[in-house]
Amino acid sequence: MPRLFIGLGVQNTRKVGGRTIFRILISGAGTESSNGEFVKDGVINGEPFYSLGINVIYWDGSEWIIEDNIFEDNTYKSADLITWEQANGVSPAPTSTLYYTP
């Protein structure tokens, strides 16, 4: 599967060119338990959500949230699944790699 880096500032990137994001690799987060490969696992609030064990990435109606249930809080947030900033997690905020369906 090709690895795609998207850094164009695209808003709401769950579908690009008819392809759907099915995995999100989160890396470099200061909150170690927020790092890893999240896989599409269903729908919440009309948007896909992604899980990694008990941790999830979901759309809360205004932004994407990494809910880290090991850390017991929302750790990072993003408007586009690409650029992340601290919510309650430890600095630095992570980077992400998005993987799409063919």
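Quick look at the numbers
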quantity	calculated
For the stretch 39-48, 3J(HN,Hα) per residue [Karplus equation, 6.51 cos²θ - 1.76 cosθ + 1.60, θ = phi - 60°, Hz, x = Gly/Pro]	10, 3, 9, x, 9, 9, 6, x, 10, x
For the stretch 15-100, size of Cβ-based charge dipole, Lys and Arg +1, Asp and Glu -1, in debye	440 debye
Förster-model FRET efficiency, 25 Å R0, SER27 and GLU72, C-beta, rounded to 0.05	0.75
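Read-outs throughout are calculated quantities, based only on the coordinates presented, and are distinct from any laboratory measurement. Everything numeric in this text was worked out from a predicted model, so none of it was measured. Positions of Cβ are backbone-derived with ideal geometry, glycine not excepted, and every protein chain shown enters the neighbour counts.
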